[in-house]
Every structure is written in C-alpha cells, then in structure tokens.
Amino acid sequence: MSTPLRLSPPVMTRRLFGSGGARYLVERNVRVYRREWKVLVSGFLEPVFYLFSIGIGVSKLVGDVELPGGEMVTYTAFVAPAMLAASAMNGAIIDATFGLFFKLKYNKLYDAVLATPVTPVDVAVGEITWALTRGSLYSISFIVLMLLMGLITSWWAVLALPVVVLTGFAFAAIGTACTTYMRSWQDFSYITLVQLPLFLFSATFYPISVYPESLQWVVRCSPLYHAATLLRELTTGTVGSGSIVHVLVLLGLGLVGVVITGRRLEKLLLT
C-alpha cells in the first residue's frame, strides 16, 4: 500500500517561493529600466494629475466628507489615499501584465532563463517582486506629495508604505496569474475592462455609504476598495479592528496569485 507524499517545510517553501533565483529576474528588470527611466516615471503622473485637479477645483465644490467614525476631512484628504492605492495598482499591473506577456510570448526570455538553475516558481516570484517594486516606487513619491500638501494628519501613516507594498503585491500577483491565461494582445482589453471600474467604483471618489445596500457588497469585493480604505484609515487616524480584514484580504489575494502563477508557468514553460 502506497503512502501519501509528504513535503518537508523546506520543499514546501521552495514550491511556493522558489529556490532564490527570483533575484536575478529583479536585477534584470532594474538594468533594463536604467535606460527606460522615462517610462518608469511617466506612470507616476496620472494619479498626481487627478489629485491636483481635485485639490484645486473639485474639493472646493464638494466640501468636507464624513468618515465612518464621524470625523470630517476635506474632500482632497478623502480622495488622496485612494489615489495612493491606485498608484500602487497601476504600477504593479503594468509590468505584471504587458511586460510579462511580451517576455513570455514574444521575447521568449524565460526559455533562456530556464536553461539556468532558475525555476518557473523563481520566475513567478521574481516578476511579481519587480511589479510590486514598481508600484511601490510610484507610491513612495505619492506619499511625499501628500505630506507636502498637508493631507496626512496621523502618525498611523508611517504604516502606509508597508500597506502600499502589500497592495502592489496583491495586484502584481493577481495580474501575473491572469496574464498566464492570455493568448493575444486583444485579451488585454479585459484588463482595462476590469481596471477602470475598479478605479472608479471602489469607494475611490465617494464613501461607500452612498451606494445602495445591495451594491455595497459588490464594492467590498474589490481589492482596490480594501487598499484605499486601509490607507484612508491610516492617513486620517481612524484605524480600527476592521483594518485587519483589509490586510488579510490583500495578503490572501497575493498568495493565491503567487501559487497560480507558479503552477501556470510550470505548465507553459515545461510542457
């Protein structure tokens, strides 16, 4: 009678996070973007323009916004954390989708990579790490901008950077997982079809309370809602026990994305 296969903790760790070769993929991307730094910088500008337009014009028309705890903040201070989350999302998704697809289907980079000791799981972890790094770079600059504009009113905001990294991890992992199922560039229209509603309808520009009760549950399914709400709680000092839920959702999505990406790349590259 055969006994079930049991993996030791080190083997299980390698199956999930790779054997350490991911750092070579990250280093490669850093070297590439040394020459393409203008492309890297341009992705930071979109949410900044949104923030300036809101702070200069829309905020004066809307007035103050009431947070769930009853605290009143300016409309700019309400929207800025959501723009911060969107900045992390956009930066992560760009490399997790378009960049990964090009290297996988056209550049054939990973065919050469797998001739080395680097494994498909290393590829998955390396590309996800770079994507979340790019999203985090955008967000660090955005946090500095918020600080200069006086939009951060709580010391809880020191945790905004780890949350931004977690946000980038969640979107990078899910983005790479989705990319492994894409067959052509036309499939990227689905990315836009999902990304734009997430940006507009994740309690980004107005509180979730303005939605009908039936739609509030739909909004709560959005990962950007959890990221934006958590960052809003940190920058305004309204942190509560519910903040842990947002962290767990983002962490869970990221881990699921890593597992799916690793298995899909093994199937695509080794068969």
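The values are calculated or read from the model by the stated rules, or taken from the named source; none is laboratory data. Source: prediction; values computed, not measured. Positions of Cβ are generated from backbone atoms using ideal geometry, with glycine treated the same way; all protein chains shown enter the neighbour counts. Quick note on the areas: whole protein, heavy atoms, side chains included, nothing else; ligands and nucleic acids left out. Shrake-Rupley method; radii C 1.70, N 1.55, O 1.52, S 1.80 Å.
Out of the residues in region 22-65 meeting the condition of being modelled with pLDDT under 75 and not in a helix (DSSP H, G or I), tell me which one is farthest from PHE98 (Cα to Cα). The residue in question is PHE44.
Report yes if some residue within region 147-158 is on the phi > 0 side of the Ramachandran plot and open to solvent by 10 Å² or more (accessible area, probe 1.4 Å); otherwise report no.
Yes - at least one qualifying residue is present in region 147-158.
I'd like to know if region 89-98 contains one or more residues that are in contact (Cβ under 8 Å) with a residue 40 or more places away in the chain, open to solvent by less than 10 Å² (accessible area, probe 1.4 Å), under 14 Å from THR204 (Cα atoms) and part of a helix (DSSP H, G or I). Within region 89-98, one or more residues are in contact (Cβ under 8 Å) with a residue 40 or more places away in the chain, open to solvent by less than 10 Å² (accessible area, probe 1.4 Å), under 14 Å from THR204 (Cα atoms) and part of a helix (DSSP H, G or I).
Of everything in region 178-188, what is of a type outside the set (Phe, Trp, Tyr), open to solvent by less than 70 Å² (accessible area, probe 1.4 Å) and either closer than 19 Å to LEU231 by Cα or part of a helix (DSSP H, G or I) (or both)? Give them in sequence order.
Those that are of a type outside the set (Phe, Trp, Tyr), open to solvent by less than 70 Å² (accessible area, probe 1.4 Å) and either closer than 19 Å to LEU231 by Cα or part of a helix (DSSP H, G or I) (or both): CYS178, THR179, ASP187.
If only one of LEU234, LEU265, LEU269, LEU248 is within 18 Å of the chain's Cα centre (by Cα) and modelled with pLDDT under 95, which one is it? Only one candidate passes the filter, namely LEU234.
Screening the candidates GLY252, GLY175 for the property of being open to solvent by less than 40 Å² (accessible area, probe 1.4 Å), in contact (Cβ under 8 Å) with a residue 60 or more places away in the chain, more than 22 Å from ILE54 (Cβ to Cβ) and in a helix (DSSP H, G or I) yields one hit, GLY175.
Taking region 237-249 as the range and being under 27 Å from VAL125 (Cα atoms) and either open to solvent by 40 Å² or more (accessible area, probe 1.4 Å) or out of contact with any helix residue (DSSP H, G or I) (no Cβ under 7 Å at 6 or more places or on another chain) (or both) as the test, the residues that pass are ILE244, VAL245, VAL247, LEU248, VAL249.
The residues of region 112-129 that are out of contact with any helix residue (DSSP H, G or I) (no Cβ under 7 Å at 6 or more places or on another chain) and either charged (D, E, K, R) or surrounded by fewer than 19 Cβ atoms within 10 Å (Cβ to Cβ) (or both), listed by number, are ALA112, ALA115, THR116, PRO117. Applying the condition of being part of a helix (DSSP H, G or I) and among the polar types (S, T, N, Q) to region 118-136 and asking which residue is farthest from THR176 (Cα to Cα) yields SER136. Would you check if there is a residue in region 91-108 being in contact with a Cys (Cβ under 9 Å, 6 or more places away or on another chain) and within 30 Å of TYR181 (Cβ to Cβ)? Taking every residue of region 91-108 in turn, at least one turns out to be in contact with a Cys (Cβ under 9 Å, 6 or more places away or on another chain) and within 30 Å of TYR181 (Cβ to Cβ).
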